[in-house]
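First the structure, in the form of structure tokens, and then the observations on it.
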Amino acid sequence: MNAFQEDILAGIPDILPEPRPYDHTVSHAPRRKDILSPEEKVLALKNALRYFPQKHHAVLAPEFAHELESYGRIYMYRFRPSYEMYARPIDEYPARCRQAAAIMAMIQNNLDPRVAQHPHELITYGGNGAVFQNWAQYRLAMQYLATMTEEQTLAMYSGFPMGLFPSHKDAPRVIVTNGMVIPNYSKPDHWEKFNALGVSQYGQMTAGSYMYIGPQGIVHGTTITVMNAARMQLRKRGLDGDDRGGVLFVTAGLGGMSGAQPKAGNIAGVVSVTAEINPLAARKRFDQGWVDELHDSLDELMPRIRQAVAAREVVSLAYVGNVVDLWERLAAEGMHVDLGSDQTSLHNPWAGGYYPVGYSFEESQKMMAEEPERFKEAVQASLRRQVAAINTLADRGMYFFDYGNAFLLQSSRAGADILKDGQFRYPSYVQDIMGPFYFDYGFGPFRWVCMSQDPADLAKTDALAVRVLRECAASAPDSIRGQMLDNIRWIEEAGRNHLVVGSQARILYADCEGRTKIALAFNEAIRRGDITAPIVLGRDHHDVSGTDSPFRETSNIYDGSQFTADMAVQNVIGDGFRGATWVSIHNGGGVGWGEVINGGFGMVIDGSDDSARHIREMLFWDVNNGIARRSWARNAGAIEAIRREMDRTPGLRVTLPVIADENLIKSVL
Ligand SMILES: NC(=O)c1ccc[n+]([C@@H]2O[C@H](COP(=O)([O-])OP(=O)(O)OC[C@H]3O[C@@H](n4cnc5c(N)ncnc54)[C@H](O)[C@@H]3O)[C@@H](O)[C@H]2O)c1
């Protein structure tokens with residue numbers, strides 16, 4: 001057994017590891033709000049110490065008190081492992097079942113410093129999207145996974161491994177819940193408090209569910225969105241939607257997911273300009289080749305934008321500074337912008353998600369910790385200015401869309417001029433694009449990870465996926481053939497675009513038929529030995545069925561049910577007994593704590609008959625649950641899709657809506 005395996009099996013080591021010096025070369029989570037009362041600080045320390053034998057308390061108590069004081073949280077930095085953090089090939093994990101080994105690889109990928117936003121604070125993306133609350137939880141969870149059998153299930157409570165409970169082979173190996181609190185205690189400050197106490201965490205979507213695959217996941221979604229937004233605009237002007245040269249797209253954020261925007265802009269063939277206030281985040285994306293040029297000065301950047309647009313260059317430019325300065329300059333200089341959006345972390349506006357204009361990055365960090373009220377005012381004033389500049393450009397023809405980061409919501413709460421006739425002035429990308437063209441037909445961000453971590457296996461999966469999608473496209477109705485062709489093009493170019501950061505993963509958008517046939521083809525290839533190790537199947541929670549989020553995933557539900565969360569909860573329960581290897585359900589993700597309920601799954605396939613059965617049963621439910629709900633909400637695409645599915649699947653019987661005559665209703669009210 002090697003040192004890595006011994007370390008995993010040791011869990012929380014009996015002998016205290018040496019304290020780890022604070023590493024300034026990685027990006028750290030901002031200092032969190034000092035939210036606990038003196039009595040609650042006692043509770044937080046008591047909570048932290050319960051992971052360790054009493055003999056260590058005298059050393060750990062002052063250390064944890066210092067962490068709480070300095071960072072607003074107890075991360076237990078001393079227990080961060082000294083081995084390198086990355087997804088290893090499945091056989092390198094100490095394990096008694098391969099499913100658990102695969103989950104360990106997925107967890108380590110979410111904490112890989114090349115992938116994670118604040119790796120030492122166990123944050124994968126979105127500023128607060130946590131895998132665990134502290135390093136003791138990580139160590140315990142890995143130890144449980146390394147020792148569990150196929151007859152046990154691990155219960156994960158917001159990063160805390162409650163333990164292994166007897167179950168059975170077909171049951172999920174892990175059940176994850178993140179941030180599930182009583183609804184009345186679901187305001188942002190409740191998160192701050194419960195998280196500081198060490199009893200709850202914000203799992204985002206794929207952070208706390210071990211399903212993040214680096215920025216690739218979001219590159220694909222963003223590419224589809226930018227491409228279709230540009231197409232819509234060009235066609236409105238009577239131009240060819242597929243000739244996108246010289247289209248200008250302006251946005252903000254080069255963080256966890258937002259960092260995908262420049263790459264997506266390049267794949268979609270446009271000129272993109274992305275503002276990023278954090279120089280470390282900007283540099284990371286530049287070094288990874290995800291953005292082509294960094295500019296500190298607007299005086300330099302403005303002529304460069306003009307030049308790129310005029311020459312119809314396909315290029316991604318970044319402004320290292322505040323996005324409000326960029327928008328105001330564009331408005332002042334009378335520039336024409338075609339597409340505009342924003343991906344600052346406005347789901348988390350008061351704790352580092354959004355940096356107000358007029359302050360340096362460091363000044364903002366200090367203010368948010370020491371003067372939270374003043375910080376809040378600065379953020380709101382900044383949003384008002386940002387919206388004013390965006391409105392000016394929109395009046396000149398720019399198409400602006402909310403990219404699911406609560407920009408419209410937070411701007412309206414800040415009193416910005418964002419409402420017209422009681423509605424938001426701008427649509428969300430789900431209302432105009434993702435909902436009607438993708439989710440309503442069951443298309444969503446299906447993904448897979450090769451557990452050999454071998455690029456050759458990934459290339460084989462790409463080829464299989466293209467073959468299957470071509471077959472599906474050949475017999476697809478017109479309403480969905482275009483979506484399939486875009487995805488075929490994406491996957492054909494995926495290898496060339498060097499999209500892998502971290503584990504050997506791939507994403508594409510497919511419907512139920514596509515996902516199932518692709519997964520079965522992989523399973524066969526594993527069975528034959530063409531693919532050398534198991535594959536993990538999964539998806540983003542941001543999907544047709546996984547997420548109830550009234551201002552994002554379910555913003556194109558118009559029957560009033562967009563504020564309910566039955567679909568996401570049903571989804572996870574249904575996946576849990578149909579063959580998922582792990583399931584997760586979260587409060588918060590994308591648009592903020594208390595604003596969304598979302599869930600997901602992971603499924604390890606190993607070439608067996610059991611895997612084939614799990615694929616058929618679980619993927620079917622995982623997609624069609626959401627289509628059925630969208631159909632009941634009277635969404636035309638979803639009605640078409642579920643009717644088609646009922647024709648194909650004798651066991652499926654879904655309640656369909658009867659459309660009432662609006663005039664009749666008006667006449668009786
Ligand atoms: N719906 C979707 O599919 C989707 C996709 C991607 C992101 N999102 C949302 O977008 C947001 C961003 O996600 P992320 O993972 O990139 O978060 P992140 O926190 O990693 O990145 C946001 C970046 O914005 C920068 N920033 C903040 N304020 C700024 C300002 N005023 N000017 C310039 N830069 C500023 C931050 O420094 C940070 O690097 C989240 O709210 C997320 O939920 C949604």
Within the stretch 68-104, residues under 30 Å from Glu370 (Cα atoms) and either aromatic (Phe, Trp, Tyr) or part of a loop (DSSP other than H, G, I, E, B) (or both) come out as Tyr71, Gly72, Arg73, Ile74, Tyr75, Met76, Tyr77, Phe79, Arg80
Those residues of the stretch 571-617 which are in a loop (DSSP other than H, G, I, E, B) and either out of contact with any helix residue (DSSP H, G or I) (no Cβ under 8 Å at 6 or more places or on another chain) or not assigned by TED's automatic domain parsing to the domain that holds Ala533 (or both) amount to Phe577, Gly589, Gly590, Val596
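Of all residues in the stretch 347-367, which are near the ligand (Cβ under 8 Å from one of its atoms) and either at pLDDT 95 or above or more than 14 Å from Phe407 (Cβ to Cβ) (or both)? Explain how you work it out, then say what you get.
Going residue by residue through the stretch 347-367, those that are near the ligand (Cβ under 8 Å from one of its atoms) are 347-348, 352-357, 361.
Within the stretch 347-367, Gly352, Tyr354, Tyr355, Pro356, Val357, Phe361 qualify.
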Of the listed residues (Gly435, Gly495, Gly442), the one being under 23 Å from the mean Cα position of the chain (by Cα), crowded, with 23+ Cβ neighbours inside 10 Å and over 30 Å from Ala388 (Cβ atoms) is Gly442
When Leu346 is run through (1) in contact with a strand residue (DSSP E or B) (Cβ under 9 Å, 6 or more places away or on another chain); (2) buried (at least 19 other Cβ atoms within 10 Å of the Cβ); (3) in contact (Cβ under 8 Å) with a residue 60 or more places away in the chain, the failure sits at (1)
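Output yes when any residue across the stretch 182-197 is more than 23 Å from Ala510 (Cβ to Cβ) and in contact with a Phe, Trp or Tyr (Cβ under 6 Å, 6 or more places away or on another chain), and no when none is. Step through it out loud before you land on a result.
Filtering the stretch 182-197 for residues more than 23 Å from Ala510 (Cβ to Cβ) gives 182-197.
Adding the requirement that they be in contact with a Phe, Trp or Tyr (Cβ under 6 Å, 6 or more places away or on another chain) leaves 188, 191.
Within the stretch 182-197 (the criterion being more than 23 Å from Ala510 (Cβ to Cβ) and in contact with a Phe, Trp or Tyr (Cβ under 6 Å, 6 or more places away or on another chain)), the answer is yes, since at least one residue qualifies.
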Of the candidates Arg114, Arg96, the one satisfying the condition of being surrounded by fewer than 19 Cβ atoms within 10 Å (Cβ to Cβ), of a type in the set (D, E, K, R), within 16 Å of the ligand (Cβ to nearest atom) and touching a residue at least 12 places away in the same chain (Cβ under 8 Å) is Arg114
Those residues of the stretch 47-93 that are without any contact (Cβ under 8 Å) to a residue 24 or more places away in the chain and closer than 23 Å to Pro455 by Cα come to a total of 1
Per the filter on the stretch 488-524, residues in contact with a Gly (Cβ under 8 Å, 6 or more places away or on another chain) and over 19 Å from Thr206 (Cβ atoms) are His498, Asp511, Cys512, Asn523, Glu524
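Residues are listed down the side, and each one gets a yes or a no for (1) outside any helix (DSSP H, G or I); (2) in contact with a helix residue (DSSP H, G or I) (Cβ under 9 Å, 6 or more places away or on another chain):
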site	(1), (2)
Thr222	no, yes
Met227	no, yes
Leu234	no, no
Gly238	yes, no
Val250	yes, yes
Gly289	yes, yes
Leu294	yes, yes
Glu300	no, no
Pro303	no, no
Residue count, the stretch 277-295, condition away from the ligand (no atom under 13 Å from the Cβ) and either on the phi > 0 side of the Ramachandran plot or charged (D, E, K, R) (or both), comes to 4
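Of Leu248, Leu239, which residue is hydrophobic (A, V, I, L, M, F, W, C), surrounded by fewer than 21 Cβ atoms within 10 Å (Cβ to Cβ) and away from the ligand (no atom under 16 Å from the Cβ)?
Numbers: Leu248 fails: surrounded by fewer than 21 Cβ atoms within 10 Å (Cβ to Cβ).
Step by step, each of Leu248, Leu239 is checked, and only Leu239 is hydrophobic (A, V, I, L, M, F, W, C), surrounded by fewer than 21 Cβ atoms within 10 Å (Cβ to Cβ) and away from the ligand (no atom under 16 Å from the Cβ).
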- request: Would you be able to say whether some residue in the stretch 562-569 is farther than 26 Å from Gln410 by Cα, crowded, with 24+ Cβ neighbours inside 10 Å, within 16 Å of the ligand (Cβ to nearest atom) and at pLDDT 95 or above?
  value: no
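The values are calculated or read from the model by the stated rules, or taken from the named source; none is laboratory data. The structure displayed is predicted, hence computed values, not measured ones. With ideal geometry, Cβ positions are generated from the backbone for all residues, glycine too; neighbour counts draw on all protein chains shown.
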